[in-house]
Ligand code: DGL
């Protein structure tokens, strides 16, 4: 087991604050780890940008986290994941789409075999068939980038949010019970989504599904020593935009602060 690795933080990034839902779930499971979070809020939303733009943001974010000497990188963003398969890194990269798709397929088999899996994701993720490569005919995709704006502005659970949900989800009503929240921002809108699609839907949140991959990577590089210290880890959150524009009041874990990165 490598001692140095144990003392390095886990890096997580997203286009904005959506990945904080990923951070939240991972910290629940591994509270003694240290975390460096990067929200590329200056370039958010990714979901309406071009492939070239998103690839360049992803490369930039990965380089930033490597400089922070992280021991692995969790891409807490579905849209970035679609454009990350060719990006190389000196540390392991955890991607969010495959574990989410697998979990949804399992649930569909058990609970709603005749229905379709409804995939709610950004316009880019849907257009680039980010989930189709794992789900094929089992799914229908709904372009839902409008939800990102609501979540970044902290407007979930408001009449405005409900109106947007009604509009975006029109085509998905009655098509299936298993719903993938295929954008890390969308867990924040779950109550509004349920109001429209019905309370009997079974949501599969990409944030929760990545935890298993993180566990596998920690096992691979040997994390036990760190977790046995019993000491709570540090969480540092950085954004590429203005810290004052960040709305994460719902994030209840202790963190060192919200820092603005220069570049
Ligand atoms: N949170 C990101 C995702 O999981 C995308 C939000 C955006 O459009 O930037 O896809």
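Matching residues to (1) crowded, with 16+ Cβ neighbours inside 10 Å; (2) modelled with pLDDT of 95 or more:
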position	(1), (2)
104	yes, yes
114	no, no
119	yes, yes
127	no, yes
136	no, yes
141	yes, yes
151	yes, no
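Checking residue 250 against (1) in contact with a helix residue (DSSP H, G or I) (Cβ under 9 Å, 6 or more places away or on another chain); (2) surrounded by 15 or more Cβ atoms within 10 Å (Cβ to Cβ); (3) part of a loop (DSSP other than H, G, I, E, B), only one condition comes out false. Which one?
Every condition holds for residue 250 apart from (2).
Filter the stretch 99-125 down to residues that are touching a helix residue (DSSP H, G or I) at 6+ places or on another chain (Cβ under 6 Å) and away from the ligand (no atom under 14 Å from the Cβ) and give me whichever is nearest to residue 213 (Cα to Cα).
Of everything passing the filter in the stretch 99-125, 103 is nearest to residue 213 (Cα to Cα).
Looking only at the stretch 55-80, filter to residues that are within 15 Å of the ligand (Cβ to nearest atom) and surrounded by fewer than 24 Cβ atoms within 10 Å (Cβ to Cβ); which one of those is nearest to residue 11 (Cα to Cα)?
60
Considering the stretch 113-127 alone, what residues qualify as being out of contact with any strand residue (DSSP E or B) (no Cβ under 6 Å at 6 or more places or on another chain) and either in a loop (DSSP other than H, G, I, E, B) or within 21 Å of residue 174 (Cβ to Cβ) (or both)? Don't jump to the end; show me each part of the working.
Initially, the stretch 113-127 is screened for residues out of contact with any strand residue (DSSP E or B) (no Cβ under 6 Å at 6 or more places or on another chain), giving 113-115, 121-122, 124-125, 127.
If the condition is that a residue be out of contact with any strand residue (DSSP E or B) (no Cβ under 6 Å at 6 or more places or on another chain) and either in a loop (DSSP other than H, G, I, E, B) or within 21 Å of residue 174 (Cβ to Cβ) (or both), then 113, 114, 115, 121, 122 are the ones that fit.
Results for (1) assigned to a helix (DSSP H, G or I); (2) modelled with pLDDT of 95 or more, shown as yes or no for each residue.
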position	(1), (2)
6	yes, no
11	no, yes
33	no, no
42	no, yes
58	yes, yes
62	yes, yes
66	yes, yes
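Quick check on the stretch 19-50: of everything there that is within 11 Å of the ligand (Cβ to nearest atom) and within 12 Å of the chain's Cα centre (by Cα), which residue is surrounded by the most Cβ atoms within 10 Å (Cβ to Cβ)? Even if it seems obvious, please write down each step before you answer.
Quick first cut of the stretch 19-50, residues within 11 Å of the ligand (Cβ to nearest atom) only: 19-22, 39-41, 43-49.
Of the ones still in play, those that are also within 12 Å of the chain's Cα centre (by Cα) are 19-22, 39.
Details: 19: 27, 20: 25, 21: 25, 22: 29, 39: 31.
If we take residues in the stretch 19-50 being within 11 Å of the ligand (Cβ to nearest atom) and within 12 Å of the chain's Cα centre (by Cα), then 39 is surrounded by the most Cβ atoms within 10 Å (Cβ to Cβ).
Restricting attention to the stretch 87-98, report how many residues are surrounded by fewer than 24 Cβ atoms within 10 Å (Cβ to Cβ) and either within 13 Å of the ligand (Cβ to nearest atom) or closer than 16 Å to residue 129 by Cα (or both).
Number satisfying all stated conditions: 2.
The values are calculated or read from the model by the stated rules, or taken from the named source; none is laboratory data. Here the structure is a predicted model, which is why all the values come from computation and not from measurement. Glycine gets a Cβ as well: all are built from the backbone with ideal geometry, and neighbour counts include every protein chain shown.
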